[in-house]
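Report on the following structure.
What follows is calculated from the coordinates using simple rules that are stated; it is not laboratory data. What you see is a predicted model, and the numbers here were worked out from it, not measured in a lab. For neighbour counting, all protein chains shown are included, and Cβ atoms are generated from backbone atoms with ideal geometry for every residue, glycine included.
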């Protein structure tokens, strides 16, 4: 059975989704290169999240697409037509900003219908559509309030309703959740995804929060220094990162010294399969996820001084899971365990470690003994 | 040594606050300080005004009471008649504030939105009249006004000079209003919804700085209503010049006080009305 909000979304999804293509986009700010020959194609109806550290060019990409800034080079096509030279007001894109962007002097209803008013839609139709959009985001009861009378999360929902009210070809989300507290953020994140799927609009979502990107997107593009390092579904980005930067940026990663020979890397006596079989032999840093590490109480037998035994020095409670830090003498390693399992290894206890033989990525550019 | 890439940790708990008793004591001392400062300043401003009021009712012999000085203002026949200079001053106040706002509001929003790099130079230009005494301005303006005089234009022509004088005050008021709102985000949101620059300026940014616009309007109007030096030295008659000539043409010493108070009251009541109207408009908006 479909929910009333889903039915409403079908009603408001006015037009067919379009493909967005960015080719060879470049943008400089003085000597700083924000984007350098950037290419990205977002399929019709797809949600792509651009993820990356500050200054990687993700917001610049969004602003170039929205027409809020001009590209130095490259082209942007939306649904097959070139929009590179069009001003923002003619691009037909809905945008939700990081900062609260509702017009303070207008009510919620007036905010949502502002774009329609500019398009000279009649007042009755405008009101009807504004209410439909507010129902879609669950805020029809707040229609006559002013932005300062509603919460931050509600303001961002109204901003989403306002962006969608004009039936844009593309929806752009510029870190819309970063000003909200954790609980509201998770709720609104799921809601944005639901609405995006219901309306079926092509969406580009920019965030620096890996959890957000992995939870919401069809594909995640991890950006670094003006280009995309990896563009893949969330599961692949997390479990099969294509570069050491992606591995380290997405999720927590242990950096362990190892030696490559053939199709495996040997880490403290354990052979682990390589993701990239073309890695040349020699000394490397293996990037091992904490959840690939399991712990067992050290029996005190002959293996107790082996390369994978150590002392628990800290345990961080994260809710359902806990992160346990083990000192191996010459380095520390983190393991992510269920909280019940972690409770069996209090700080000070001796443990032996097992590394699950998942394919691992190695980094040859950074020495393993550098603390990251 | 160790080799782990970690994400951010939870922030440390905030340090415990001070005991409530200490805060209450501090608040009391602060309040007492406020009352003392307020009383001192009120006395500083009000005592001369009260003295003026008393002297404006001074009779022909010392210590007696009389309304003669006030009657003299009301019965003054000119030339020109008092009512015409009241009119001129009102029109000058209106014209000055409207022209100042019409020049500054779009320019300042435009600079904030599009040409931020000239904002410093623009600020310098707007604040420049503060550093030039009115009498020095007159030296520069006199030849221009001498030419205008050939066309027998009214004292309303003073508004050109008053707009220059009002620039620094109006600029400061408007700049405070612009700083209080997120101009960049609001304008980008409006543009993404299809608004052109004109719509962004007048339907999105300007309505959100209504308080600042009202302040700029009040300051410009107050300046024009109270201006004496330029009008007098350029030989135009506004209310201030007229009150001065009433005082000069009478042997009654109390008239100087009644005319000064009348000028003050006139501006005060007018600004009160404008300010009240502005507040009603704002409340209506909310």
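Here are a few things to note about the model shown:
- For the range A:188-261: relative contact order, % (alpha-carbon pairs under 8 angstrom, 6 or more apart): 18 percent
- Calculated log₁₀ intensity ratio I(q)/I(0) where the Debye formula runs over C-alpha points of the range B:134-286, q = 0.09, 0.13, 0.19 Å⁻¹: -0.44, -0.79, -1.15
- For the segment B:179-192, counting C-beta atoms of other chains within 10 Å of every residue's C-beta and taking the mean gives 6.
- Least to most buried among B:220, A:151 (fewest other Cβ within 10 Å first): A:151, B:220
- Relative contact order of chain A: 16 percent, from C-alpha pairs under 8 Å at least 6 residues apart in sequence.
- Helix axis angle, A:123-136 relative to chain A longest principal axis, alpha carbon, degrees: 20 degrees
- Once C-alpha pairs closer than 8 Å and six or more residues apart are averaged by separation and normalised to the residue number of the range B:78-285, the relative contact order reads 31 percent.
- The range A:96-143 shape via C-alpha gyration tensor axes, a/c threshold 1.5: oblate
- Cα-based shape type of the range A:47-193, given that a ≥ b ≥ c are square roots of the gyration tensor eigenvalues and the cut on a/c is 1.5: oblate
- Taking the longest Cα principal axis of chain B as reference, the axis of helix B:134-149 is set at about 60 degrees.
- Axis angle, to the nearest 10 degrees, between helix A:108-118 and the longest C-alpha principal axis of chain A: 70 degrees.
- Taking the DSSP beta bridges with both ends in the protein assembly as shown, the antiparallel portion is around 75 percent.
- Counted over the range A:4-239, the DSSP beta bridges are approximately 50% antiparallel.
- Computed on chain B, the Cα convex hull volume stands at 267 Å³ per residue.
- Sorted ascending by nearby beta carbons within 10 Å, beginning with the fewest, A:317, A:38 become A:317, A:38.
- From the C-alpha gyration tensor of chain A, square roots of 5λ in Å: 46, 25, 16
- Choice from A:21, A:224, A:268 showing the highest fluctuation, given a GNM over chain A with Cα pairs closer than 10 Å: A:268
- GNM on chain B, alpha-carbon springs under 10 angstrom: the most fluctuating residue among B:184, B:28, B:147 is B:28.
- GNM result for chain A, Cα springs below 10 Å: residue of A:32, A:137, A:96 fluctuating most strongly: A:32
- Translational diffusion coefficient (Stokes-Einstein; Kirkwood radius from C-alpha pairs) of the range A:252-363 at 10 °C, 1.306 mPa s, in µm²/s: 111 µm²/s
- Here A:333, A:201, B:164 are placed in order of increasing Cβ neighbour count within 10 Å, fewest first, which gives B:164, A:333, A:201.
- Overall Cα dimensions of the protein assembly as shown - principal axes, largest extent first, Å: 119, 64, 53
- Counting, for every residue in A:158-167, the Cβ atoms of other protein chains within 10 Å of its Cβ and taking the mean gives 1.
- Within 10 Å of the Cβ of each residue in A:89-101, the mean number of Cβ atoms contributed by other protein chains is 4.
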